[in-house]
Amino acid sequence: MARFEVPDGWVVQAYRFALDPTPAQQRALASHAGAARFAHNHMLALAKAVMSQRAAERSYGIAESELTPALWWSLPALRKVWNQRKATCAPWWAENSKEAYNTGLDGLARGLDGWAKSRRGDRAGEAVGFPRFKSARTARSVRFTTGTIRCEPDRRHISLPRLGTIRTHESTRKLARRLDAGTARILSATATQDGAGRWYCAFAALVAAKTRPAHAGLSPHPVIGVDVGVKADSLLVVATPSGAEVQTDSSPPIADRCTTPASDVAAAGRPPAGPLRPSRPHQAAAIQAVAGHSDPDRPYPCSWCGGAPRRAAQSHYDAGSAAPRNCGGNVERFGHARQGRCRQTRPEPSTR
């Protein structure tokens, strides 16, 4: 089957709405999702049985022309075999839409095709494993591509094949407006149940891309991009849209040691947690933050301590002197004050 191609000037966009189905509609949705899972598992078991049978026959020296016929893995081939077997294996198949069974078969066809291509080396990326059976405990889902799929005019209901009109918890106007204006077309609708039991419906729509007004001109100013941490944790890169580097800085102010995770522990300006004195990890993080703040190798000295040597970190922490909010000393001041208060109220250990 040919792959769907998005025409020029259009994009595929998803619209997701929370559903408010009646108890009967909830049972119907669960039945459709279960039918998709059953079709997937049944045809997967058949594919594995055929593969095992052919492997056993080869081990006995049977010629290739006399082996059990192979099961083709394309969606049309799987659908043809399913239609031949559904009256026997699933006599209740008429209770659900054909789209439910097509959902399971389509997922199986994609999984088998991906596994075969990965095994041959025709698929880029990590190795793809063989498809597995779907469990009823996983998220339930069913996809509709044909039939009546629309948003109702009241913008509080949607219609799906065989399920009828279902109420939504929210307005569907963000999609309905585009449909009414002719700038969107629904491609498919997928109903999914999350772990909490709530049902959602996601519409995949072909939407007209936004175009730039004719009177809007391009900006005369050049465009650049600034990124930090791409090649190194403390490297700032300025580049053009084409990727050409304009300037690099190995030690920018926003990437110095005062912005490391050590200072993030205490930089919020709040005292350490706990009813007693600060914990040792909190004290170590605070001292490390001050040490990084007062590092003499910093190309941008701090106006608070003037770039004090690293050995002054402990004295900064003990003194608890005031500092700007973006400096580690401001945090250690809160920690020191709390430590002093808690030390006075902490009971002395018994000597008996």
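The values are calculated or read from the model by the stated rules, or taken from the named source; none is laboratory data. For clarity, every value in this text was computed on a predicted model and none was experimentally measured. So basically every Cβ, Gly included, is an ideal-geometry build from the backbone, and we count neighbours across all protein chains shown.
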Where residues in segment 171-196 are over 20 Å from the mean Cα position of the chain (by Cα) and assigned to a loop (DSSP other than H, G, I, E, B), which of them is surrounded by the fewest Cβ atoms within 10 Å (Cβ to Cβ)? Gly182
Is there a residue being over 20 Å from Cys201 (Cβ atoms), free of Cβ contacts under 8 Å to residues at least 12 places away in the same chain and in a helix (DSSP H, G or I) anywhere in segment 89-103? yes
Where Phe38 falls short, out of the listed (1) in the same structural domain as Arg162 (by the TED database); (2) under 18 Å from Glu95 (Cβ atoms): (1)
Look at segment 1-28 and say how many of its residues are in contact with an Asp or Glu (Cβ under 8 Å, 6 or more places away or on another chain) and buried (at least 19 other Cβ atoms within 10 Å of the Cβ). 1
Residue among Arg143, Arg79, Arg123 that alone is out of contact with any Pro (no Cβ under 6 Å at 6 or more places or on another chain) and in a helix (DSSP H, G or I): Arg79
Do we have Glu170 as of a type in the set (Asp, Glu) and more than 27 Å from Gln26 (Cα to Cα) here? no
Selected residue (criterion: modelled with the highest pLDDT) from residues of segment 101-141 that are more than 22 Å from Ala47 (Cα to Cα) and in contact with a helix residue (DSSP H, G or I) (Cβ under 7 Å, 6 or more places away or on another chain): Ser141
Restricting the search to segment 146-167, which residues are surrounded by fewer than 20 Cβ atoms within 10 Å (Cβ to Cβ), assigned to a strand (DSSP E or B) and touching a His at 6+ places or on another chain (Cβ under 8 Å)? Thr165, Arg167
Take Ala116 and tell me if it is closer than 23 Å to Pro21 by Cα and assigned by the TED database to the domain that holds Arg37. no
Residue that is surrounded by the most Cβ atoms within 10 Å (Cβ to Cβ) [pool: residues in segment 29-76 that are without any contact (Cβ under 8 Å) to a residue 40 or more places away in the chain, assigned to a helix (DSSP H, G or I) and of a type in the set (Ser, Thr, Tyr)]: Ser52
Please work out which one of (1) at pLDDT 95 or above; (2) more than 30 Å from the chain's Cα centre (by Cα) is the condition Arg58 fails and give its number. (1)
Would you confirm whether or not segment 166-173 contains a residue that is within 29 Å of Glu5 (Cα to Cα) and not assigned by the TED database to the domain that holds Tyr101? yes
Cβ pairs under 8 Å, 6+ apart, first in segment 133-159 and touching a residue at least 60 places away in the same chain (Cβ under 8 Å), second basic (Lys, Arg): Lys134/Arg37; Ala136/Arg37; Arg140/Arg37; Ile158/Arg150
